[in-house]
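Trainee: Shown below is the structure under consideration.
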Amino acid sequence: MPSSLRLLVLACIGVFAAIVAPPAAAVPSEDPLPPPPSSVSCTIELDGPKLVRGPVAAGARVVADRTEPVLLPQPLGPGLVGIAGVYEDADHADPSSPDELGERFALLFVDADGAPVGLSAPTPDLPADVVRSDFRLPPVALRGTARAVILIHAGPGIGPNSVRPVCLEIAPVIELPVLQVGLPPQQPAGTSGVREVPCDAGLVPARTRCLRLAVPERHGDAASREIAIAAYVLPATGPAPAPDPIFYLRGGPGGSGIGAVPTVARLSALRRDRDIVVVDQRGTGFSEPALTCPEIAAARGPAVVRADASAATAWRACNARLRASGIDLGAYTTAAAAQDLELLRAALGAPAVNLYGTSYGSSVALEMMRAHPRSVRSSVLDGPYPPEVNGLSDDAPGLHWLLDIIPAVCGADAACAVAHPDVRGDLVAAVATLDAEPATIVAAGGLRRIDGLALLSLVVSDISQPDLPALFRTLASDDTVARSAALTAAVAAGERGRGALLLNTIGRDADRDQRLTLAEGAFANVTCAEEAPYDARPATRFPATTWSPRINAILRSRADFVRSICANWQVSPAPPAAAAAVRSAVPTLILAGGADAQTPLPWAVLVERGLTNSTLAVIPRGGHVVGFSNACAQSLHLAFTGDPTRSPDLACTRAEPPIAYSAGPTLPRRGALAELPGPPV
C-alpha cells in the first residue's frame with residue numbers, strides 16, 4: 001500500500017483505538033420507519049446492528065466501534081468507487097446533547113486478508129428534524145481489490161451512536177487501467193498514452209484527475225524501457241474551459257510539482273478558464289522511478305549540512321544504488337523533461353499549452369520553448385533560472401550583487417545615510433563579532449546558535465527587511481542586551497518570512513512524504529550533469545565586488561556545498577548545447593523579485609535578452625517566486641494568460657513599495673575584532 005494511503009487510514013483508525021478490538025455486542029435494531037422516496041439504488045441491504053460503542057476506559061471520550069465486515073456483491077478496485085446510501089436515526093433525541101453530536105460513520109474498504117485498501121469521508125450529520133435520509137460521499141480511491149466494507153464510527157460524540165445505515169450503493173467510477181487517451185494524428189513518436197490512477201486524497205481538490213504517462217526513459221532510443229510521468233489535472237472551475245491548459249513546473253531541480261498542489265489550487269482566478277496540469281518531472285515526486293536518496297537522511301538525520309565524510313559516503317551510496325537498479329541517470333536531464341511535456345500535451349489532446357515555470361521549472365519551460373515552440377501558447381517564468389546561468393560559478397557573484405543593494409539603498413536615503421554611514425563596515429564587524437562570540441537565542445523550536453554564517457544567511461534570505469542597517473550596527477556594538485534582543489527579533493522575522501538560504505541544507509523533510517519534497521538524486525543529477533562540467537568558466541555577468549575574506553567565503557559556501565555533492569555523484573556530462581541561451585518568440589511574461597537571493601534579478605534580465613516577445617515585471621521587495629504571494633504578479637499572470645498577444649500593463653509594479661531602510665538605533669561600534677579565516681565555513 002502506498003505510504004500516503006497507509007498514513008491516511010492509520011490516522012483515521014488510530015483515533016478510534018477500539019477498531020482493532022472485537023466488535024461490541026449488537027444492539028437490536030429499532031422498528032423500521034417507512035422509507036421516504038429515495039434516489040439511491042441500493043445494492044447492499046443492511047439489517048444488522050447500529051454502531052454502538054463498546055466498553056469505554058475511564059476518562060476516555062471517544063472509543064470507536066465497527067460492524068463486522070460486510071461482503072461486497074463483487075470485488076471492487078483498484079480505482080475510484082462512488083458511495084451512496086440511506087441511513088436513519090430512530091433514537092433521534094435532542095440533537096444538541098453530547099449523546100447525539102457527531103453521530104457519523106465512515107466506510108473502510110478491506111481486501112481478502114482484511115488489510116485496508118481505502119477509506120471514505122464520514123457521512124454528514126442527520127438534520128435535527130430528519131430520522132432517515134439519503135447520503136452521498138466523495139469517490140474513494142481504492143489502492144487494491146476490496147472484498148468487504150466495515151462501517152466505523154467517525155464522529156466526536158461521547159454517547160452511543162444510534163445512526164444506522166439501512167443500505168448502500170457502491171459502484172465503480174473509474175477502474176484501472178482507466179484511460180487510454182486517443183492521440184491526435186500529429187502525436188510524437190514514442191507516446192503510448194496516459195492512464196488515470198487514484199489520487200492521493202490528502203492533496204487534491206474535488207474533481208482532480210490524476211494521470212500517469214508512459215514515456216521512453218531515453219528519448220530517441222527505440223530499445224529504451226518506459227518510465228512513468230505523474231501529472232495531476234486541476235479542472236477549470238468555469239463553465240467553458242479553454243482547450244489550452246496551464247502546465248505548472250516546480251523548481252529544484254528535484255522538486256515535486258504534485259507536492260505543491262495545495263498551493264497551486266489556490267490560484268483560483270487562473271483556474272476559472274483553464275485546467276492546471278501539475279507535473280512531476282521525470283525522477284521526481286510520484287513519477288517513476290523517483291530519484292530519491294534515503295541514504296542522505298540516514299547519514300545525518302533529516303538533512304545533510306555542509307560537506308563531510310558521512311555526506312560524501314551517502315551521496316556515493318545513493319548514486320551507486322540507482323545505477324545498480326538499472327536507472328539510466330544520463331537520461332534524466334532538462335531536455336528530456338521538456339520532451340516529456342510535449343508527449344503529455346499530445347496525450348491530453350491539447351493544441352498548445354501555457355507554461356508556468358517557477359525557479360528551475362523555468363529552465364524546463366525554456367527548453368520546451370526551444371524544442372517545441374508551436375506547442376507553447378504562452379509562458380510565464382517566475383524567478384527564472386536560464387540555462388546560460390551556471391548555478392555554481394554564478395551563485396556567489398549573484399549574492400554579492402544582492403548584498404550590495406543594502407549599502408546602496410541606505411546611502412541614497414538621507415536619514416539612513418546619516419544614521420549608518422558605513423553599512424558595509426557594520427556588517428563586516430557584525431559577522432566578526434558573531435564568529436568570535438556566537439549568540440544563543442530562543443527561537444521557534446528551541447535554542448538557536450547564531451554565528452556569522454547564520455547571520456549572513458538570514459540577511460540574504462530577505463534583504464528587504466527595513467531594520468537591516470540598524471541590526472548590523474547593533475550586532476557590532478558592545479551592548480549585549482541590545483544585541484540579543486535585535487538578533488532574536490531578526491531571527492523570528494526570518495522564520496515567519498523566507499527562512500535562511502546559506503545554511504547548505506538539502507534533504508528530506510522528516511515530517512512529510514519524501515516524494516512531496518525534494519528528490520535528492522534528481523537535484524544532484526541535473527546539477528552535476530549540466531552545471532558542474534562547465535563550472536570553470538569565468539563568471540562575468542555581475543560586477544566584481546568584495547566585502548571581506550570571511551563574507552566572501554560565506555557567499556561562496558552554497559556553491560561549494562553543491563560542488564562537494566557533484567564530487568561524489570557519477571553521471572555523464574550533458575552536451576555544451578544544454579547551457580546555450582534560449583532564443584524564442586513565444587509570448588513570455590517574466591516575473592522577478594528584486595530581493596530574490598536564489599535567482600537574482602540580473603538572471604531575469606539576462607533571459608529577457610533572448611526572448612523577443614517578452615515582458616519583464618519586477619516586484620521590488622519580492623523574494624524568490626512572487627506569483628504565489630504577490631497580488632500584482634498574480635493579476636499580471638491572469639491577464640497575460642488570458643491574452644498573451646497584448647503587452648501586460650505594468651502599472652501595479654510601479655505601485656509596489658520599494659526596498660527602503662529605517663535609521664534605527666545608532667549604537668557605537670565595538671573595538672575591531674579579527675575575522676575568522678575564509679574557508680571553511
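Trainee: For the full complex of protein chains and a 1.4 angstrom probe, list Ser584, Ser41 by accessible area with the highest value first. Each step should come with its number before you reach the end.
Mentor: Numbers: Ser584 10, Ser41 75 Å².
Descending accessible area places them as Ser41, Ser584.
Trainee: Can you tell me the alpha carbon radius of gyration of the stretch 385-433 divided by the globular rule-of-thumb value 2.2 N^0.38 Å?
Mentor: Numbers: Rg = 14.4 Å, N = 49, 2.2 N^0.38 = 9.7 Å.
Normalised Cα radius of gyration, the stretch 385-433: 1.49.
Trainee: I'd like to check one number: the per residue accessible area of the stretch 303-441, probe 1.4 Å, reported in Å² as a whole number.
Mentor: Values: 3990 Å² over 139 residues.
Ligands and nucleic acids excluded, the figure is 29 Å² per residue.
Trainee: Here's a follow-up. Rg (Å, one decimal) plus Dmax (Å, integer) for the alpha carbons of the stretch 562-642?
Mentor: Cα-based Rg and Dmax for the stretch 562-642 come out at 15.9, 46 Å.
Trainee: If you find the alpha carbon centre of the stretch 425-465 and of the stretch 589-603, how far apart are they in angstrom?
Mentor: Result: 24 Å between the Cα centres.
Trainee: Continuing with the same structure: Which ³J(HN,Hα) values, rounded to whole Hz and listed in residue order, are derived for the stretch 105-122 from phi using the Karplus coefficients 6.51, -1.76 and 1.60 in 6.51 cos²θ - 1.76 cosθ + 1.60 with θ = phi - 60°, glycine and proline given as x?
Mentor: Working through the residues one at a time gives 9, 10, 10, 9, 8, 10, 8, 5, 8, x, 7, x, 10, x, 9, 7, 6, x Hz.
Trainee: Which order do Asp273, Asp113, Asp451, Asp394 take by accessible area at a 1.4 Å probe, largest first? Walk me through the numbers on the way to the answer.
Mentor: Details: Asp273 70, Asp113 145, Asp451 30, Asp394 0 Å².
Solvent-accessible surface, decreasing: Asp113, Asp273, Asp451, Asp394.
Trainee: Something else about it: From the phi of every residue in the stretch 318-326, what ³J(HN,Hα) in whole Hz does the Karplus formula 6.51 cos²θ - 1.76 cosθ + 1.60 yield, where θ is phi - 60° and glycine or proline is x?
Mentor: 5, 4, 5, 5, 5, 5, 5, 7, x
The values are calculated or read from the model by the stated rules, or taken from the named source; none is laboratory data. Keep in mind that this is a model prediction, so the values were computed, not measured. Ligands, DNA and RNA are stripped out before the accessible areas are found, and what is left, the full protein with its side chains, is counted by its heavy atoms. Shrake-Rupley method; radii C 1.70, N 1.55, O 1.52, S 1.80 Å.
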